[in-house]
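Undergrad: Here you go, one structure.
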Amino acid sequence: MEELKELYQQIILDHNKSPKNYGKMVNCTHASEGYNPLCGDRIKIYAKVENGVIEDIKFEGEGCAIAKASGSIMTALLKGKTVAEAQQLFEEFQHLITSDVRSNVDTEKLGKLAVFAGVREFPTRVKCAGLAWHTVKAAIEKKDEVVTTE
Amino acid sequence: METTTLKKETVRLPESRQPGHFDVEKIRADFPILQRPVYGKPLAYLDNAATTQKPLAVIEAIRRYYNAENANIHRGVYHLSEVATRKYEGARKTVKNFLNAASEKEIVFTAGTTDSINLVAAAYGRKFIKAGDEIILSHMEHHSNIVPWQMLCEETGAKLRVIPINDRGELIFEAYEKLLNERTRLVSIVYVSNSLGTVNPVKEIIALAHQGNVPVLVDGAQAVAHLKVDVQDLDCDFFALSGHKIFGPTGVGVLYAKEKILESMNPYRGGGDMIRSVKFEKTVYAELPHRFEAGTPHIAGVIGLAKALEYVESVGFEAIGAYEKALLEYGQEALSALKKLKLIGTAREKAGVISFVIEGIHPHDIGTWVDRQGVAIRAGHHCTQPVMERYGVPSTCRASLAMYNCKEDFDTLITALHDIIKVFD
């Protein structure tokens, strides 16, 4: 039960229920689709990037609480960041969710992203947390193909 | 008669484990894995449609083969090879009796249901199905009974026709009648749906197809652990099954085919053991069924499979059927009582499978949550994406039972579901 509470923290449940930046964007400059063939979940990311800065970002799609909360928290975090900063955050997030369960989490550096530390206890769910991030990376790097978690 | 009554009375158990007259405790004791805890909780294994657990008798049979009997079959003149050959061919007889086939020549060992269907698509389909011909499937097929036919259609120019299903998850029989026509060359249909639990009226489906001389393949993967199968009574032309879905090992399965049809087919894979003589000018193929078993087969798997079938028969399908029916009803009723839960697949004839979704909670979150309470269920599309599309859901949760499950397994699941509904609310 402890691990479950660690995974499904209130903040994740809240973002799942009322995700931020959820929906389509018509005048986006970048877009990408992510797909997890394991569960059939799909996510779409739309971004408006001007002068190397992510001015606006939205997401939509089908997904579990972890995937949805990840998309919600991620978009809130990336709004106003530069593309280089977003790529840096992607690396940090990847490192967090794939790091050893026993390793310490730098909550100061990771801020809100630290709530996803609980996913490390659940190897089958790491891909759910990473889907939105992989998709945004593809979007801002202008890759057209559907990104999969495989 | 008297002995039967007496036996039933003596095996009667406390109400909690006992939807019918069936000694589930005795069965459970035969499956070592059911004794192990998961996350410190008793294991409630409800993913039997994916694979079943193995009784000690099967594990021991495989162990004994590798420990004391291992040799290649059909060629050695020494003792071990004779033992292995006798066991392998003895297993064929066990399968023949289990399915009530007319002859052992009709039993081909394969790697599983998928392999069996691919064998038919390649060795029968490529020979007899041409451009413009039609193959009838249903909307509730597993990907393994869709993709091999699609591949065949791409190669030959034949077409797939799909029998629709109603909201309960039953085939629309009238639509099937209309789909059958003079271009139909094959009907390939699932007996029990792995994602909906629907038991299809395969006997009627076959009878109707035969009126137009159309052969029928029955995908029996999900049926064999729950229903008595008699291929002569069904009059099916092909029947495919997997060992691991009936308490046997993975990587082994069976293709039953009527002897006449098997005789008319092209060979499948070429190699050793499927030939009588090989010359560079010409090869003469072996007799049935060896013609379809190229290479060294999964001998240990075949021996394990036969042991599993013997085990199931020792329990008896009448007892299994009655017990599972009561357990399925218990599980369905208890699940339906949960608010926001919707059953996917409510056919009047069902076996083994309960699929469901809960409003506002993704199946994967449910799967992870109940896992930590020791409950193994499936969350996903169950290799039936067309079914998911039909119901407008990307995935479902699926609790699927076997004869060793008990009411407590469902009780644990339901308690866990209560918890997650509360937390996610």
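The values are calculated or read from the model by the stated rules, or taken from the named source; none is laboratory data. No experiment lies behind these values; they were computed from the predicted model shown. Reconstructed Cβ throughout: ideal geometry from the backbone, glycine too, with neighbour counts over all protein chains shown. Note: areas computed on protein heavy atoms with side chains; ligands, DNA, RNA excluded. Shrake-Rupley method; radii C 1.70, N 1.55, O 1.52, S 1.80 Å.
Undergrad: List the residue ranges in chain B for DSSP H helices whose C-alpha atoms run 24 angstrom or more along the long axis and whose Kyte-Doolittle average is -0.5 or above.
TA: Qualifying helices, which must be both long enough and hydrophobic enough, are B:299-315, B:317-336, B:407-424.
Undergrad: Also: From the protein chains alone at 1.4 Å, what is the descending order of accessible area for A:Thr82, A:Thr75, largest first?
TA: A:Thr82, A:Thr75
Undergrad: State which stretch of chain B is the longest one without any exposed chymotrypsin sites (Phe, Trp or Tyr not before Pro), exposure meaning a DSSP loop state and at most 14 other Cβ atoms within 10 Å.
TA: Values: sites that count: B:Tyr39, B:Tyr78, B:Phe280.
By the stated rule (loop sites, at most 14 other Cβ atoms within 10 Å), B:79-279.
Undergrad: Another one. Residue by residue through B:361-371, how many Cβ atoms from other chains fall within 10 Å of the Cβ on average?
TA: Going residue by residue through B:361-371 and averaging, the value is 6.
Undergrad: Let me ask something else. Which entries of A:Lys58/B:Lys340; A:Lys5/A:Lys68; A:Lys20/A:Lys48; A:Lys20/B:Lys340 have Cα-Cα distances beyond 27 Å here?
TA: Working: A:Lys58/B:Lys340 29 Å; A:Lys5/A:Lys68 17 Å; A:Lys20/A:Lys48 16 Å; A:Lys20/B:Lys340 24 Å.
In this structure, A:Lys58/B:Lys340 lie more than 27 Å apart at Cα.
Undergrad: Please state, rounded to one decimal and in Å, the Kirkwood hydrodynamic radius that the protein assembly as shown gives when every pair of distinct Cα atoms enters the mean of 1/r.
TA: Working: mean 1/r = 0.0381 Å⁻¹.
26.2 Å is the Kirkwood radius here.
Undergrad: According to a simple spin-label model (label point 7 Å from Cα along Cα-to-Cβ), what is the distance in nm between B:His418 and A:Gln94?
TA: About 4.5 nm separates the two model spin labels.
Undergrad: Continuing with this model, one more query. Taking both sides together, what accessible area is buried at the A/B interface, probe 1.4 Å, expressed in Å² and rounded to the nearest 100?
TA: Looking at A and B, the buried total is near 1600 Å².
Undergrad: Would you mind checking the radius of gyration and Dmax of the range B:107-265 based on alpha-carbon positions, in Å?
TA: 14.4, 41
Undergrad: How many angstrom separate the Cα center of the range B:129-178 from the Cα center of the range A:80-150?
TA: 42 Å
Undergrad: Which value in deg cm²/dmol, rounded to the nearest 500, describes the helix-derived mean residue ellipticity at 222 nm for chain B, given -39,500 (n - 2.57) per DSSP H run of n ≥ 4 and division by the residue count?
TA: Value at 222 nm, helices only, nearest 500: -11500 deg cm²/dmol.
Undergrad: Determine the dipole magnitude for the range B:143-195: charges of +1 sit on the beta-carbon of Lys and Arg, -1 on that of Asp and Glu, nothing else is charged, the reference point is the Cα centre, and the result goes in debye to the nearest 20.
TA: Using only the charged Cβ atoms, the result is roughly 80 debye.
Undergrad: Which residues, if any, in the range A:31-77 have at least 10 Å² less accessible area in the whole protein complex than in the isolated chain, probe 1.4 Å?
TA: By number: A:Tyr35, A:Pro37, A:Leu38, A:Cys39, A:Gly40, A:Asp41, A:Glu62, A:Gly63, A:Cys64, A:Ala65.
Undergrad: Let me cross-check B:Ser395: its accessible surface, 1.4 Å probe, with only protein heavy atoms counted, in Å² to the nearest 10?
TA: 0 Å²
Undergrad: May I ask you to find the residues of the range B:372-387 that are shielded by at least 40 Å² of accessible area once the whole protein assembly is considered instead of their isolated chain (probe 1.4 Å)?
TA: When all protein chains are present, B:Arg372, B:His381 each give up 40 Å² or more of accessible surface.
Undergrad: May I ask you to list, by number, the DSSP H helices of chain A whose Cα span along the axis is at least 18 Å and whose average Kyte-Doolittle hydropathy reaches 0.5 or more?
TA: A:65-78, A:126-140
Undergrad: Moving to a separate point now. DSSP loop trypsin sites (Lys or Arg not before Pro) in the range A:1-88 with at most 12 other Cβ atoms within 10 Å of their Cβ, which ones?
TA: A:Lys24
Undergrad: Tell me, what is the 1.4 Å probe accessible area of B:His418, in Å² to the nearest 10?
TA: Looks like 100 Å² after rounding.
Undergrad: Still on this structure, I have one more. Hey, can you list the residues from the range B:400-425 whose accessible area shrinks by 30 Å² or more with all protein chains present, relative to the chain by itself (probe 1.4 Å, no ligands or nucleic acids)?
TA: Residues of the range B:400-425 that lose at least 30 Å² of accessible area once the other chains are added: B:Val423, B:Phe424.
Undergrad: Taking only C-alpha pairs under 8 Å that are 6+ residues apart, what is the relative contact order of chain A in percent?
TA: Values: 261 pairs, mean separation 47.3, N = 150.
Worked out over chain A, it gives 32 percent.
Undergrad: R0 = 22 Å: FRET efficiency of B:Arg183 with B:Glu204, Cβ-based, nearest 0.05?
TA: 0.55
Undergrad: Now for a separate question. Out of the range B:58-148, which trypsin sites (Lys or Arg not before Pro) are coil in DSSP terms and have no more than 14 other C-beta atoms within 10 Å?
TA: Here the trypsin sites (Lys or Arg not before Pro) that fit, given the DSSP loop and packing criteria, are B:Arg75, B:Lys130.
Undergrad: Say R0 is 45 Å: what FRET efficiency, to the nearest 0.05, do B:Arg168 and B:Ser264 get from their beta-carbon distance? All intermediate terms of the calculation are to be shown ahead of the outcome.
TA: On the way: r = 38 Å, r/R0 = 0.86.
Calculated transfer efficiency: 0.70.
Undergrad: Scale the Cα Rg of chain B by the rule-of-thumb value 2.2 N^0.38 Å and send over the ratio, two decimals.
TA: 1.02
Undergrad: With all protein chains present and a 1.4 Å probe, how do A:Asp14, A:Asp41 order by accessible area, largest first?
TA: My answer, sorted largest first, is A:Asp14, A:Asp41.
Undergrad: If you don't mind, another one. Which loop-located GluC sites (Glu not before Pro) does the range B:98-189 contain, where loop means any DSSP state but H, G, I, E or B and the Cβ has at most 10 other Cβ atoms within 10 Å? Let's see the in-between values first.
TA: Numbers: sites: B:Glu104, B:Glu106, B:Glu134, B:Glu141, B:Glu154, B:Glu155, B:Glu170, B:Glu174, B:Glu177, B:Glu182; in loops: B:Glu141, B:Glu170, B:Glu182.
Those satisfying the criteria are B:Glu182.
Undergrad: Same structure again: Would you work out the relative contact order for the range B:188-312, in percent, from Cα pairs under 8 angstrom that are 6 or more residues apart?
TA: After rounding, I find 19 percent.
Undergrad: Got a number for carbon plus sulfur as a percent of the protein assembly as shown's accessible area, 1.4 Å probe?
TA: About 51 percent, which is the carbon plus sulfur part of the accessible surface.
Undergrad: Additional query: Would you compute, from DSSP H runs of 4+ residues alone, the mean residue ellipticity of chain A at 222 nm, taking -39500 (n - 2.57) per run and dividing by the full residue count, rounded to the nearest 500? Please report the intermediate quantities before stating the final value.
TA: On the way: 6 runs with 63 residues, N = 150.
-12500 deg cm²/dmol, from helical runs alone.
Undergrad: Show which lysines lie in cross-link reach of B:Lys130 when reach means a straight Cα distance below 29 angstrom and same-chain residues fewer than eight apart are skipped.
TA: Counting by Cα, and skipping residues close in sequence, B:Lys130 has these lysines nearby: B:Lys105, B:Lys159, B:Lys178, B:Lys203, B:Lys258, B:Lys260, B:Lys282.
Undergrad: Continuing with the same structure: Counting only heavy atoms of protein chains, what accessible area per residue, in Å², does the protein assembly as shown have with a probe of 1.4 Å?
TA: 44 Å²
Undergrad: So how far apart, in nm, are the two label points at B:Val147 and B:His74 if each is 7 Å from Cα heading toward Cβ?
TA: 2.7 nm
Undergrad: What number, in percent, do you get for the relative contact order of chain B if the mean sequence gap of Cα pairs under 8 Å and at least 6 apart is divided by its residue count?
TA: 23 percent
Undergrad: Kirkwood hydrodynamic radius (Cα pairs, Å) of the range A:2-141?
TA: Values: mean 1/r = 0.0670 Å⁻¹.
14.9 Å is the Kirkwood radius here.
Undergrad: What is the calculated FRET efficiency for B:Lys342 to B:Asn67, with r their C-beta to C-beta distance and R₀ = 51 Å, to the nearest 0.05?
TA: 0.55
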